[in-house]
Amino acid sequence: MNAREKILGRIRNAQARTNGAAVTATHTEAVASHLALHPRGPLPPHPDNLLARFKECALKLSSDVLETGDRKEVPTLLARYLNERNLPVSGVCWPSLAGLPWSTAGLDMQPRPAKNQDLVGVTGAFCAIAETGTLMLLSGTETPATTSLLPETHVAVLDPRRIVAAMEDAWDLLRREYKQPPRAVNFISGPSRTADIEQTVTLGAHGPYRVLLILAPA
């Protein structure tokens with residue numbers, strides 16, 4: 001028995017499960033009850049306006065923020081943003097966003113995961129966190145993680161009603177809406193950055209050079 005099997009065996013024994021036994025509804029309910037009863041640590045006061053706080057924090061993280069009351073206007077806003085910066089007007093988007101009028105705005109957005117040559121990636125977001133200006137993205141076949149991680153420009157279309165106050169609230173929302181967590185949960189706080197070289201902050205070292213947040217109701 002290797003180390004991994006020993007660790008998993010101890011976990012199963014602590015859960016009163018025989019080796020290899022499947023997780024039952026009883027086990028799942030027990031975990032949910034434990035999480036519900038677990039005391040939450042101290043939190044700062046929630047801001048009165050979650051949207052305003054989110055935008056404030058996102059801008060401090062070097063994200064760009066645009067707003068529209070009509071989701072169909074997202075392609076037009078994005079086209080203007082890309083053209084003003086002489087950026088490519090082609091890229092990829094999540095399949096859930098394929099129905100937006102991209103071509104009408106002069107954009108070519110392919111609904112597929114990003115590859116190395118794709119310079120613009122458009123995603124949605126599961127939710128956003130006002131306290132830190134952070135996006136929460138869940139991996140899946142319809143929400144490929146590469147779309148936000150590989151391109152130089154990451155565009156996230158966010159429903160303002162999906163902004164929560166704190167990280168703890170984001171996890172609570174995930175537990176309420178998903179019976180089982182996804183394979184990966186990604187938190188994105190502005191463009192990729194590092195200060196490893198001479199303590200100089202450099203954007204785009206490990207991911208996108210720029211992040212554009214388009215706030216639009218679903």
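Overview of results
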| read-out | value |
| --- | --- |
| Proximal charge balance of residue 138 [Cβ under 14 Å; K/R count +1, D/E count -1] | +3 |
| Cut-off under 5 Å, modelled amide H: who pairs with residue 114 long-range | 146, 147 |
| Long-range HN-HN contacts of residue 127 with modeled amide H, under 5 Å | 136 |
| Table column - 3J(HN,Hα) (Hz), the range 63-78, Karplus curve with 6.51, -1.76, 1.60, x for Gly and Pro | 7, 9, 10, 10, 9, 8, x, 10, 4, 5, 7, 4, x, 5, 4, 5 |
| The range 18-135, relative contact order in percent, only Cα pairs under 8 angstrom and at least six apart counted | 27 percent |
| Relative contact order [Cα under 8 Å, 6+ residues apart], the chain, whole percent | 22 percent |
| Helix 25-37 vs. the chain, principal-axis angle (Cα, 0 to 90°, nearest 10) | 70 degrees |
| Distant-in-sequence amide H partners of residue 190 (H built 1.01 Å from N, under 5 Å) | 135 |
| Per-residue Cβ neighbour rank within 10 angstrom, fewest leading, 68, 141, 132 | 141, 68, 132 |
| Net charge of neighbours whose Cβ lies under 14 Å from the Cβ of residue 174, counting Lys and Arg as +1 and Asp and Glu as -1 | +1 |
| Fewest-first sequence of 40, 210 by Cβ atoms within 10 Å of each Cβ | 40, 210 |
| Neighbour-count ranking [beta-carbon atoms within 10 angstrom, fewest first] of 61, 137, 212, 150 | 61, 150, 212, 137 |
| Hz values of 3J(HN,Hα) by residue in the range 166-172 - Karplus curve (6.51, -1.76, 1.60), Gly and Pro given as x | 9, 4, 4, 5, 5, 5, 4 |
| For the range 50-215, convex hull of alpha carbons as volume per residue, Å³ | 122 Å³ |
| Under the Karplus curve 6.51 cos²θ - 1.76 cosθ + 1.60, θ = phi - 60°, whole-Hz ³J(HN,Hα) for the range 177-185, x wherever Gly or Pro sits | 9, 10, 5, 9, x, x, 5, 9, 10 |
| Residue 86-residue 110 FRET efficiency (beta carbon distance; Förster radius 22 Å; 0.05 resolution) | 0.55 |
| Degrees between helix 50-60 axis and first principal axis of the chain (Cα, 0 to 90, nearest 10) | 70 degrees |
| Value at 222 nm in deg cm²/dmol, rounded to 500, when DSSP H runs of n ≥ 4 in the chain each add -39,500 (n - 2.57) | -8500 deg cm²/dmol |
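Values in this text are rule-based calculations from the coordinates and carry no lab data. Because the structure is predicted, anything quoted here is derived from the model rather than measured. So basically every Cβ, Gly included, is an ideal-geometry build from the backbone, and we count neighbours across all protein chains shown.
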